[in-house]
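Structure first, then comments.
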Amino acid sequence: MGEGIFQPLHILLIIGIALLLFGPSKFADLGKGLGEGIKNFKSSMKDEDKKKDEAPKPPSA
């Protein structure tokens, strides 16, 4: 277990380095932008499902 690149300690180290490089304000803005992007993606996926459900079905013979 834990032989991959994404071990918990590695992830914490990457986050720590990013925090040192970009600073807390940029890091917070990055998280906010990422959250908004995921939210917009989910809402667009729901809209696509709704459009498929509302599409007229061809008459059966």
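Per-structure values
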item: Within segment 3-31, tally of residues that are among the charged types (D, E, K, R) and surrounded by 10 or more Cβ atoms within 10 Å (Cβ to Cβ); result: 2
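Every residue, every condition in (1) β-branched (Val, Ile, Thr); (2) assigned to a helix (DSSP H, G or I); (3) at pLDDT below 90, yes or no:
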position: 2; (1), (2), (3): no, no, yes
position: 5; (1), (2), (3): yes, no, yes
position: 9; (1), (2), (3): no, yes, no
position: 12; (1), (2), (3): no, yes, no
position: 31; (1), (2), (3): no, yes, yes
position: 37; (1), (2), (3): no, yes, no
position: 43; (1), (2), (3): no, yes, no
position: 49; (1), (2), (3): no, yes, yes
position: 59; (1), (2), (3): no, no, yes
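The values are calculated or read from the model by the stated rules, or taken from the named source; none is laboratory data. Just so it is clear, the structure is predicted and the values come from calculations on it, not from any experiment. Positions of Cβ are generated from backbone atoms using ideal geometry, with glycine treated the same way; all protein chains shown enter the neighbour counts.
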